[in-house]
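Notes for the one structure printed next.
Bear in mind these aren't lab numbers, they're just calculated from the coordinates by the rules spelled out. Quick caveat: nothing in here was measured; it's all calculated off a predicted structure. A quick note on method: Cβ atoms are made from the backbone with ideal geometry, for glycine too, and the neighbour counts reach across all protein chains shown.
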Amino acid sequence: MIVPSWARLSLRTFVLIYLAILLLAPVGLIFYRTFEPGLGAVWDSITTPEAKSAFWLTIKITLIAVPLNTIFGVLLALILERKQFRGKALLNTIIDLPFAISPVVIGLSLLLVYSINEPVGGWLADRGIRVMFSMPGMVLATMFVIVPFVVREVAPVLDEVGDEQEQAAATLGASGWQSFWRITLPSIRWGVAYGVVLSTARAIGEFGAVSVVSGKLVGKTQTLTLLVGERYGNFDVHGAYVASGLLALIALVTLLAMTLINPRREHA
Amino acid sequence: MIRVSGLTKQFGDFQALAEIDLEIPEGSLTALLGPSGSGKSTLLRIIAGLETPDGGRVEIDGADATGVPPQRRGIGFVFQHYAAFKHMTVYDNVAFGLKIRKTPKADTQRRVDELLGIVGLAGYSARYPSQLSGGQRQRMALARALAVEPRVLLLDEPFGALDATVREELRQWLRRLHDEVGVTTVLVTHDQQEAMDVADRLVVLNGGRIEQIGTPREIYERPATPFTMGFLGPTADLGGEVVRPHDITLSREPVSGGHEAMVRRVHYLGFEVRVELELAEGGSVFVQITRRELAELELHDGDVIWARSETLRAPEPRPPAGAEQVS
């Protein structure tokens, strides 16, 4: 398509203004508002007991949910790409469910299964395992939400790499396990890395599902996003900005990691 | 030695292999030759254990290998698209099978260096497959397959992805390598010229069945079926008799068994000449003659001549040792 230069220029300007209004201004303002009262105030706000607890809870949930989801995602991608079975199309649809369902609904549905008034939740509670309104439930909610991220990154890479290298490894004597570690995993490593970064970002930022199952016990089941919500609700606007700033910082680091991984992923 | 008996394989409605019986003698270089869909690759992959047959048996060196996984068959396999381990150097590619077998490092080093020398990649051990040409990648794949000292070497269209010059060069090279190493080798190809050039034994397949087994010369000169006749080279129909265009002689005088024909056109194709004839009894036929023959005959378009088939037959083949033909 040939576009006259004035049109191209105004098109670019439009796209940039659009992005500026929609994305850059709000995120930039968060940082501005965060640091407006000075560094001391920021430090005080992120070192309150509930802020520290929220930060570490977020990290803990992420450190449990993301590795488990990564193992599961790679396994699922292998099954989808390397095996033929009935119900494959159905499985493919189920994987995308977390994309389609609102996180709040996910939280509520978990509540329906694991609440102590329900059979499963009651059975677990009898054995001293409390899922709802405690960390296990929040990990479950986070894992539910991030299910598609690793599978959807790894499956196309597996498809592109094909299975000839694995066949060659088999004829050279490698067992399935050896072939996975020495051939398959190295060929999909950048896809896995990208999936890990995406799911980490999603896990840290998750609000809706976690909010429902957490019970929002300050200092116990409050993550960073929930802290933002709570502070904003209590008219502690600067406190909310500071916590948001912290989240936005984590997001920027994630973005940087993605930028570093992406070119390798495409050239792998 | 590889022995295959009663091998069948079906993909959905498609019969890939129908009751294949075949013996591949120790130390031979056998080509499985056939058009696409003839079952040649499926047969090779079943021998390798990469595909499971629906019925029948595979024996390698006298031992039943039918249910044995590819890891324990003692085979080397070379793929059409190289299947190079892209994230490993040339050295690590070739050393892969030895590392899996926990070969001592010094032995691995010695073996890999020796093999890289044999395949002409001595200075390339630190390179990655993406830094090699197609021909070099395939030679690396061959070294990798040979590193584990397989009892049989199986090659699936190994030169199919290479351009014509490299293909011909690698073909000669493979032949010399086979003469040096002497490992029983089975090569799958759809290219009859490649098969005749490189192999000492051909197995012609069509529609999941074996059409004929023999040396290149036997098969070219004594094709057992019309399919083999047509697949191995051009044919001409001389009054109901199917012959090779170069097995027809022309003369200006009537000869016994000759067919009267009119020269429609003479085509000069460099070293050979093709004469298009219109037979008096109907139909047309191409005849291939040399420039010398043409000069002696002084042929011109519209001349009337006599064409007779003079097929050069190979000597009757000795009864093949154990390898009966299945049609």
**Long-range amide H partners of B:Asn206 with built H, under 5 Å** = B:Glu211
**Item:** B:Asp107 paired with A:Ile101, simple spin-label distance in nm, labels 7 Å along Cα-to-beta-carbon
**Value:** 5.6 nm
**Asked** Taking all pairs of different Cα atoms in segment B:1-136, averaging 1/r and flipping that mean, what Kirkwood radius in angstroms comes out?
**Response** 17.1 Å
**Prompt:** Once the piece of chain linking A:Leu90 and A:Trp43 is laid out straight, how much longer is it, given 0.36 nm per residue of separation minus the C-alpha distance between them?
**Reply:** 11.9 nm
**Asked** Which distance in nm do the two modelled labels at A:Ile71 and A:Arg264 give, with both placed 7 Å along the Cα-to-Cβ direction?
**Response** 2.3 nm
**Request:** Among the chymotrypsin sites (Phe, Trp or Tyr not before Pro) in segment A:34-128, which ones are in a DSSP loop with at most 15 other Cβ atoms within 10 Å of the Cβ? Mind listing them?
**Result:** A:Phe85
**Request:** Compute the Rg to Rh ratio over chain B from the alpha carbon atoms, using the Kirkwood formula for Rh, and round to two decimal places.
**Result:** 1.07
**Fill in**
Computed, not fitted: 222 nm per-residue ellipticity of chain B from DSSP H runs ≥ 4 (each -39500 (n - 2.57)), nearest 500, equal to -8500 deg cm²/dmol
**Request:** State the extension gain, in nm to one decimal, for the chain segment bounded by B:Asp64 and B:Asp13, taking 0.36 nm per residue of separation less the distance between their alpha-carbons.
**Result:** 15.5 nm
**Prompt:** How high is the FRET efficiency between A:Glu160 and B:Asp237 when r is their beta carbon distance and R₀ equals 41 Å, given to the nearest 0.05?
**Reply:** 0.25
**Message:** Taking θ = phi - 60°, what integer Hz values does the Karplus form 6.51 cos²θ - 1.76 cosθ + 1.60 yield along segment A:179-196, in sequence order, with x for Gly and Pro?
**Reply:** 5, 5, 6, 8, 10, 5, 4, x, 6, 9, 4, 6, x, 4, 4, 5, x, 5
**Asked** Of the chymotrypsin sites (Phe, Trp or Tyr not before Pro) in segment B:36-144, which ones lie in a loop per DSSP and count no more than 16 other C-beta atoms within 10 Å?
**Response** none
**Prompt:** What ranking do B:Met196, A:Met138 get, fewest neighbouring Cβ atoms within 10 angstrom at the top?
**Reply:** B:Met196, A:Met138
**Request:** Count neighbours as other Cβ atoms within 10 Å of each site's Cβ, and list the trypsin sites (Lys or Arg not before Pro) in segment B:98-134 that are DSSP loop with at most 10 such neighbours.
**Result:** B:Lys102
**Complete:** Here segment A:99-105 yields Karplus 3J(HN,Hα) values (6.51, -1.76, 1.60; θ = phi - 60°; whole Hz; Gly and Pro given as x) of 5, 8, 8, 5, x, 4, 5
**Item:** Dipole axis of segment A:34-266 (+1 Lys, Arg; -1 Asp, Glu on Cβ), positive-most option in A:Met258, A:Thr48, A:Gly176
**Value:** A:Gly176
**Request:** Just rank A:Phe207, A:Phe149, fewest to most, by other beta-carbon atoms within 10 angstrom.
**Result:** A:Phe207, A:Phe149
**Message:** Please list, ordered by chain and number, the residues whose modelled amide H lies under 5 Å from the amide H of A:Ser115; skip anything fewer than 5 residues away on the same chain.
**Reply:** A:Gly121
**Asked** Based on the Cα coordinates of segment A:34-266, what is the per residue volume of their convex hull in Å³?
**Response** 153 Å³
**Message:** Assuming a strict under-26 Å limit between Cα atoms, what lysine pair count do you get for the protein assembly as shown once near-sequence pairs (fewer than 8 apart, same chain) are dropped?
**Reply:** 13
**Message:** If each residue of separation counts as 0.36 nm, what is the full-extension length gain between B:Glu260 and B:Arg151 once their alpha-carbon separation is subtracted?
**Reply:** 33.6 nm
**Message:** Whole angstrom only: what separates the Cα centroid of segment A:189-233 from the Cα centroid of segment B:128-191?
**Reply:** 55 Å
**Complete:** Per the 1/(1 + (r/R0)^6) rule, R0 = 35 Å and r from the Cβ atoms of A:Ile59 and B:Ala122, FRET efficiency to 0.05 is 0.10
**Asked** Which order results if A:Ser10, B:Ser125, B:Ser38 are arranged by neighbouring Cβ count within 10 Å, fewest first?
**Response** A:Ser10, B:Ser125, B:Ser38
**Item:** Scaled radius of gyration (Cα, divided by 2.2 N^0.38 Å) that the protein assembly as shown gives
**Value:** 1.42
**Request:** Evaluate the distance, in nm, between pseudo-label points positioned 7 Å from the Cα of B:His300 and of B:His267 along their respective Cα→Cβ axes.
**Result:** 2.3 nm
**Prompt:** So who's got an amide H within less than 5 Å of the one on B:Ile248, skipping anything under 5 residues away but keeping other chains? H placed 1.01 Å off N, in plane.
**Reply:** B:Gln288, B:Glu310
**Distance between segment B:33-81 and segment A:89-117 - C-alpha centres, whole angstrom** = 46 Å
**Request:** Hey, for a label at B:Glu253 modelled as a point 7 Å past Cα toward Cβ, could you say which residues of segment B:284-313 have their backbone N under 17 Å away?
**Result:** B:296-298, B:304-308
**Request:** Of all alpha-carbon pairs in segment B:120-227, indicate the percentage at a distance above 25 angstrom.
**Result:** 28 percent
